[in-house]
Each structure stands twice: as C-alpha cells, then as structure tokens.
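**Q** This is the structure I have questions about; it appears just below.
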Amino acid sequence: DIISFSANVNPLGVSFRLRETLTNHIDAITSYPDREYTSLRKCIAEYTGADFENIVVGNGSTELISLFIQIAHPSKALIVGPTYSEYEREVTMDGGRCHYFSLTEDSSFRLDVPALTEELSHNVDLLILCNPNNPTSSVIPRNQMRDILDYCKKKSITVLVDETYVEFAPDVQAVTAIPLTEYYNNIIILRGISKFFAAPGLRLGYAICGNKDLLKEINQKKNPWTINSLAAIAGEIMFSDEEYIRKTRQLIASERERICQAIRSMGAYQVYESNCNFVLVKIKKEGLTADQIFDTAIRQGLMIRDCSTFPFLNDKYFRLCFMMPEDNDRLLAVLKKLAD
C-alpha cells in the first residue's frame, strides 16, 4: 500500500498496448527466441534513431554494465557523482580502482567540463557518466558531451554513459548522446525499460555503440538468449506504443513544473533544476532532516529517498519522483506541514 516516490518508475504503470496484447503472444514461449534479437533491435533503432547494427540487448542494463566492465577491464575509472552505486561495485569487482569527480552544490550540481578534463589527466582509462544524473537530475547537453568525447579520445579514455532517465527529459534530443555514436568509437550508451516503461521485472536493457569490435566482443561473451521470448516481444510492443510515450511525457512535464514550484514556495526547501522524472531537494529549515521527512511520510504510506547515503550528500538532501497528481498532493501536504 506504500506509494514509492523513491523508485523513479513511471506512475502510469506498464504500456497500455502491452496490457492488452501480450497474452496474445503466450505461444512464443514454446520456442527459443531469435538469438540475434533482430526484430527487437530494429524496433529499438526506430525508437532511438540509432543504427540497429550498433545495438546490443541484454538482461537489463545491469548485465550490460557488468559485461562492458569485464571487457574494458579498467584499471582506474573516474565516476561523476553523487550517482548510482552499481558502477563502482562493478569496477571494483573487476579489480579496478574508482575515483569520484564531485558535482558541487555551488554549481547547482551541473558538470564543470574544464575541471573534469583536468581530473581526466591522471591515468584514467574509463569515465562513467549518468545523464540525466541520479540523484541530482542534472544533465550534460550534447554539445558538452562532444567536448568530453573529444578530450577523452586524445587520452584513449572510454566513456560509459547511462541514459536510464533521458526519455523523461524536457528535450530528449538536446541531451541524448546517441547521435554521437555515429562519429565516436569511444562511447557506449546504456538504456533500459525499468523506469520510463515501468517494467523492471522484464529485465530488458540495451546498449548503443559505434565501436564494432567492442560490440562483437560483448555479443561473444554474453550468454545466448538472456532475454526470454515474451520480454523480447514486450519490448517491441512498448517501444511502438506512441500514445503511452506521449502521455508519459505530458504527465511528467506538467507534474515536474507544478511540484517543483509548490515545494519552492514553501520556503523551507531548496529545489534544484529537474531534468527528468525526479527532483533533488535540500532542506533549509534548521533542525529538520531527510530522515525525519522519511519517517513522517512513510507513516502516511509515502516513501521518499533519503539521500544521505549518496557520496557528497548528507542528511539535508532528499529525492522524490513525480507520481500521479493525487499522490503528489499527499506528499506536498506532508512537506508543507513540516515546513511550517
């Protein structure tokens, strides 16, 4: 019965078309899926604008992160943080070392590219970026990403970009680095269906990369049929559900503006710019902590994300994603009461 504002999952639930049609494909489980997943990859290519030959699919983006790290075998990775902890875990499990480049509150958690390139001078062989970033919701525009790739190319640094949340961005085309995969062979982009398509249980992820040798090695090393027949069919249905995609973007856009303005007007919180389906908030009120907000909200069946466990953040920060309007109103009431 708890409404999770911490999971960052599309509040509309799974694709409308998927609900109506997936059961019609139940007989697909009587045969093996296409080992190359050609139809699925072509559907992803249509959805993203990428060349289908530059797409590799996997059992969630987590599997692809793991495979890529094993192949790249970085000795020193630079991670722009605070961010998702899985990157560091995979690098250290493979025997590499991780260092962090900190996004700062002074810059509203926007990336300082010149400062980043200075850090990249110190024997780094892998740069990891989440764009839009979790939990800060800040973005790296494509023109800045090009500058980063140019510098990394000179230094023989590979760039891993996690675009899990990019489909929620106000202007997806201004943020996504997918077009750059046509010109740069030192970038790999990861996406999945867990957040935007609200289907984490299907375990479907994909990577886009213009480096043919890297793609070949990933395909050779990953297990065959990591995506089951129904998940592959479900992916094709979801990526082509234009009504669902349009309604999702409309809902998130309207609620993002409304909620950020409402929290900002309470006076007790600082709201950072949101570029996807969640927002990072800093508590300005003396004596109030994220843990207290979590405790008050959870007693009413509402769960926010206390961000004190993220690197470079503390108990004054929390994150919430945008849910259905009536649920958002309940959380706003909690925040308003604590702000008074």
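**Q** Which order do you get for Asp306, Asp34 if you rank them by accessible area with a 1.4 Å probe, largest at the top? Show your work: numbers first, answer last.
**A** On the way: Asp306 35, Asp34 75 Å².
Largest accessible area first, the residues go Asp34, Asp306.
**Q** Under a 10 Å cutoff between Cα atoms, tell me which one of Asn314, Asn24, Asn133 has the largest fluctuation in the Gaussian network model of the chain.
**A** Asn24
**Q** What's the percent breakdown of Cα-Cα distances in segment 228-274 across 10 Å bins, shortest bin first?
**A** Result, from short to long distances: 22, 29, 22, 18, 8, 0 percent.
**Q** Which of the three applies to segment 120-180, rounded, prolate or oblate, going by the alpha-carbon gyration tensor with a ≥ b ≥ c and a/c under 1.5 meaning rounded? It would help to have the intermediate numbers written out before the result.
**A** Details: a/c = 2.58, a/b = 1.74, b/c = 1.48.
Prolate, because a/c is 1.5 or more and a/b exceeds b/c.
**Q** Quick one: accessible area per residue over segment 23-140, 1.4 Å probe, rounded to a whole number of Å²?
**A** 45 Å²
**Q** Now, a different point. Roughly what % of Cα-Cα distances in segment 1-117 sit above 23 Å, to the whole percent?
**A** 59 percent
**Q** Separate question: Could you sort Met324, Met238 by accessible area so the largest value comes first, with the probe set to 1.4 Å?
**A** Correct descending sequence by accessible area is Met324, Met238.
**Q** Place a point 7 Å from the Cα of Glu53 along the Cα-to-Cβ direction; which residues of segment 195-216 have their backbone N under 19 Å from it?
**A** 207-216
**Q** Where does the chain land at 222 nm, in deg cm²/dmol rounded to the nearest 500, when only DSSP H runs of n ≥ 4 count, each adding -39500 (n - 2.57), divided by all residues?
**A** -11500 deg cm²/dmol
**Q** Run the accessible area of the chain with a 1.4 Å probe and give the carbon-and-sulfur part as a rounded percent. Write out the running numbers ahead of the final one.
**A** Working: 7050 of 14900 Å².
Its accessible area is 47 percent carbon and sulfur atoms.
**Q** Mind checking the alpha-carbon convex hull of the chain and giving the volume per residue in Å³? Mind dumping the intermediate values first?
**A** On the way: hull volume 45.0 nm³, N = 340.
Per residue, the Cα convex hull of the chain comes to 132 Å³.
**Q** Let me ask another. I'd like the distance separating the alpha-carbon centroids of segment 65-135 and segment 199-249, in whole Å.
**A** Here the answer is 24 Å between Cα centres.
**Q** Pull up all non-local amide H partners of Leu103: gap of 5 or more, or a different chain, and H-to-H distance under 5 Å with H placed in the peptide plane.
**A** Long-range HN contacts for Leu103: Gly81.
**Q** Relative contact order of segment 27-146: what whole-number percent is it, with Cα pairs under 8 angstrom and at least 6 residues apart?
**A** Worked out over segment 27-146, it gives 22 percent.
**Q** How many nm is it between the label spots at Thr23 and Gln250, if each spot is 7 Å from the Cα in line with the beta carbon?
**A** It is 2.7 nm.
**Q** Quick one, can you get me the convex hull of the C-alpha atoms of segment 247-340 expressed as volume per residue in Å³?
**A** 92 Å³
**Q** Expressed in nm to one decimal, what extension gain is obtained for the pair Ser121 and Lys337 from 0.36 nm per residue of sequence separation less their Cα-Cα distance?
**A** Taking Ser121 through Lys337 to full extension adds about 72.9 nm, to one decimal.
**Q** Heavy atoms only, 1.4 Å probe, whole protein assembly: order Ser308, Ser229 by accessible area, highest first.
**A** Ser308, Ser229
**Q** Looking at the chain, send over the antiparallel percent of its DSSP beta bridges, to the nearest 5.
**A** Counting only bridges with both partners in the chain, antiparallel ones make up about 50 percent.
**Q** Quick one: compute the contact order of the chain, relative version, from alpha carbon pairs under 8 angstrom and 6+ residues apart, as a percent. Numbers along the way, then the final one.
**A** Details: 618 pairs, mean separation 84.7, N = 340.
Computed over the chain, the figure is 25 percent.
**Q** Let's test this: bin the Cα-Cα distances of segment 218-300 at 10 Å from zero up to the farthest pair and state each bin's percent.
**A** Going from the shortest bin to the longest, the percentages are 13, 26, 23, 21, 15, 2.
**Q** Calculated FRET efficiency, Ser102 and Asp150, Cβ-Cβ r, R0 22 Å, to nearest 0.05?
**A** So, using R0 = 22 Å, E works out to roughly 0.45.
**Q** Please state the relative contact order of segment 165-264 as a whole percent: Cα pairs under 8 Å, 6+ residues apart? Kindly include the intermediate steps, with their values, before the conclusion.
**A** Values: 66 pairs, mean separation 21.8, N = 100.
Contact order relative to length: 22 percent.
**Q** What percent of all Cα-Cα pairs in segment 120-239 falls in each 10 Å bin, counting up from 0?
**A** Bin by bin from 0 Å, the calculated values are 12, 40, 35, 12, 1.
The values are calculated or read from the model by the stated rules, or taken from the named source; none is laboratory data. Quick caveat, the model's predicted, so the values are computed rather than measured. Glycine gets a Cβ as well: all are built from the backbone with ideal geometry, and neighbour counts include every protein chain shown. Side chains are part of the model used for accessible areas, which takes the heavy atoms of the whole protein and leaves out ligands, DNA and RNA. Shrake-Rupley method; radii C 1.70, N 1.55, O 1.52, S 1.80 Å.
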